[in-house]
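J.: What follows is a single structure, and I will ask about it in a moment.
The values are calculated or read from the model by the stated rules, or taken from the named source; none is laboratory data. Computed from a prediction, not measured in an experiment: that's the story for all the values here. Here Cβ is always computed from backbone atoms with ideal geometry, including for glycine, and neighbour counts include all displayed protein chains. Quick note on the areas: whole protein, heavy atoms, side chains included, nothing else; ligands and nucleic acids left out. Shrake-Rupley method; radii C 1.70, N 1.55, O 1.52, S 1.80 Å.
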Amino acid sequence: MHVIGKLAYTDGSISAAPTTSKVLIDGRPVSFEAYNISGYNYFKLRDLAMALNGTNKQFEIGYDGKTNTINITTNKAYTPVGGELAVSAKPTAKTARPTTSKVFVNGKEVKFTAYNIGGNNYFKLRDVAKVIDFGVAYDGKTNTISIDTSATYTE
């Protein structure tokens, strides 16, 4: 058994609860369907790319189905594929399985903590922030995640 959080299964999957935090990007609210796994927030990569599009931290995503490879190119506008930033009326807990896709950023393989949830890849927000280099902060009093594209990532 692969135990990652409170509820793990023998196949390595884990339960993912909908994130209840409000999210601000450069001070403006943005709705995401994100999940919390073992105390960390996971966002759909394409949602983050869409939300950061037009900022100095924008990035493009490509997918090669033959090699099961996700390619991220920084400083390039994101091309929407449809369905980005869609939020369910009542998000529910779902099963998350470790993603099997390889991920390359600007041609270099990078290891991310990522899960496949409902057919989409969700990445740990802080992992993406570190690689793309944007600021992330959490305010426990207001349950708010802040993404700052004018800041650099800090641990």
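J.: If a/c stays under 1.5 just call it rounded; otherwise compare a/b with b/c (prolate if a/b is bigger, oblate if not). Do that for the range 33-74, with a ≥ b ≥ c from the square roots of the Cα gyration tensor eigenvalues.
T.: Verdict is oblate for the range 33-74.
J.: Now for a separate question. Return the loop-located trypsin sites (Lys or Arg not before Pro) in the range 24-112 (DSSP other than H, G, I, E, B) with at most 12 other Cβ atoms within 10 Å of their own Cβ; answer none if there are none.
T.: K66, K111
J.: On the protein heavy atoms, probe 1.4 angstrom, tell me the percent of accessible surface of the range 1-124 carried by carbon and sulfur.
T.: Ligands and nucleic acids excluded, carbon and sulfur reach 50 percent.
J.: Within a Cβ distance under 11 Å of V131, other residues only, what is the Lys/Arg minus Asp/Glu net charge?
T.: +4
J.: When a/c reaches 1.5 or more, the comparison of a/b and b/c decides; with that in mind, is the range 1-149 rounded, prolate or oblate per its Cα gyration tensor?
T.: Taking the square roots of the gyration eigenvalues as a ≥ b ≥ c, the range 1-149 is oblate.
J.: Placing +1 at every Lys and Arg Cβ and -1 at every Asp and Glu Cβ, with all other atoms neutral, what dipole size does the chain have around its Cα centre, in debye to the nearest 20?
T.: Rounded to the nearest 20 debye, it is 240 debye.
J.: Label the range 26-99 by shape, choosing from rounded, prolate and oblate, from the square roots a ≥ b ≥ c of the eigenvalues of the Cα gyration tensor; if a/c is under 1.5 it is rounded, and otherwise prolate applies when a/b is larger than b/c, oblate when it is not.
T.: Note, shape of the range 26-99 comes out oblate.
J.: Same structure, new question: For the range 57-73, what does the Karplus curve 6.51 cos²θ - 1.76 cosθ + 1.60, with θ = phi - 60°, yield as ³J(HN,Hα) per residue in whole Hz, taken in order and with x for Gly and Pro?
T.: Coupling constants for the range 57-73: 10, 5, 8, 9, 10, x, 10, 10, x, 5, 10, 6, 10, 9, 10, 10, 10 Hz.
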